[in-house]
């Protein structure tokens, strides 16, 4: 295999991000008691270790049919481990992602096709700049069928002869999976600049480009990525201001604040399902308000200090659009108020759900 070369600048930069800036970021967060064990549905879950879990979330979260991607720890013998314990190589755990998916939309095999293109499966000691057992690759199968599919997937990859060295990624029976601390989840969205610098300097993208640029592209269902020019052309002035410039539309002067029809609200840009009329209520604020998301995996919450006080901004995962904010003054059962901008949403009436491609939600309104 070709040797990876690191410049002094890249190494120094990584140290700054991972030791300095990262430590400061942790201090700004509410202190976590560590991880928590998650229960998962074996037949609709993939557990994959590929080194730094920050880098393993994005390629799967852009796929249609993937409901959620959670960073965490698995494979070791310590309950509820912390990041510091795992990175100290004292637990036997690996950093991994737990992917919940709809097998009617995307298959386990397709997820593995994506997985192989994100990692160096020939490195038994870690991944790229991150070395150590906790950063090694592994496929954690949840049943025998997954094991068979994974073994066949590896054989298919070996036949392609993409890599110079032997593929060493192991197959391991799934064990308890512990969700990592909150600040690790969706790090690439919450701390975009730090993530991009880390990723660029880590060597992962250089490796992927070297071995996969000349290979056929995967034909998978993904959410569309639009350029800024395309978004501007598609949206009205107020829609662009709200979704791309984090603006706020006028209260009471928007189409959905008092809409009472049955249906769902999707992201204006990506079309991902966000909220349901079943969870909508009149908050008397002049904006459409909901007690909870329809698909929590399509929602990102980020701290917002733009007006001199902390609020929780709500963004769409795949469209990366500003939607509004969530507050803790809502009604039961959640006590939450997802205060959204109509300009960021598109409403689909229940009678149009099937023809618009959202047939799975029809039963919600019967």
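Read-outs: derived from the displayed coordinates by stated rules, not from any lab. As the structure is a prediction and not an experimental result, all values here were calculated from the model. Here the Cβ is made from the backbone with ideal geometry for all residues, glycine too, and neighbour counts use every protein chain on show.
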### Task
Quick one: plug the Kirkwood hydrodynamic radius of the chain (C-alpha pairs) into Stokes-Einstein at 10 °C, 1.306 mPa s, and report D in µm²/s.
72
### Query
So what is the calculated 222 nm ellipticity per residue for the chain, using -39500 (n - 2.57) for each DSSP H run with n of 4 or more, over all residues, to the nearest 500 deg cm²/dmol?
-7000 deg cm²/dmol
### Query
Classify segment 52-167: rounded, prolate or oblate, from the alpha-carbon gyration tensor (a ≥ b ≥ c, eigenvalue square roots; a/c under 1.5 rounded; otherwise prolate if a/b is larger than b/c)?
oblate
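Based on the Kirkwood radius over alpha-carbon pairs, what value in µm²/s does the Stokes-Einstein equation return for the translational diffusion coefficient of segment 228-365 at 10 °C and 1.306 mPa s?
105
Give me the percent relative contact order of the chain, please, defined on Cα pairs under 8 angstrom at least 6 residues apart.
Values: 668 pairs, mean separation 54.6, N = 366.
Result for the chain is 15 percent.
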### Task
Work out how much length residue 84 to residue 218 would gain on full extension: take 0.36 nm times their residue separation and subtract the Cα-Cα distance, in nm to one decimal.
44.6 nm
### Query
Rounded if a/c is under 1.5, else prolate if a/b beats b/c, else oblate: with a ≥ b ≥ c from the C-alpha gyration tensor eigenvalues square-rooted, which is segment 122-177?
oblate
## Note on the structure
the chain: antiparallel bridges as % of DSSP beta bridges, rounded to 5, reads 95
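Calculate, for residue 307 and residue 346, the FRET efficiency according to 1/(1 + (r/R0)^6) with r their C-beta to C-beta distance and R0 22 Å; round to the nearest 0.05. Before the final figure, lay out the partial values.
Details: r = 27 Å, r/R0 = 1.24.
For R0 = 22 Å, the calculated efficiency reads 0.20.
Could you work out how much longer the chain between residue 260 and residue 328 gets when fully extended? Use 0.36 nm per residue separation minus the Cα distance between them, nm to one decimal. Write out the running numbers ahead of the final one.
Values: separation 68, 0.36 × 68 = 24.48 nm, distance 2.29 nm.
That pair, residue 260 and residue 328, stretches by 22.2 nm at full extension.
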### Query
What is the distance, in nm, between label points placed 7 Å from the Cα along the Cα-to-Cβ direction at residue 100 and at residue 237?
4.2
### Task
Would you mind pulling out the separation of the Cα centroids of segment 264-340 and segment 96-153, in Å?
32
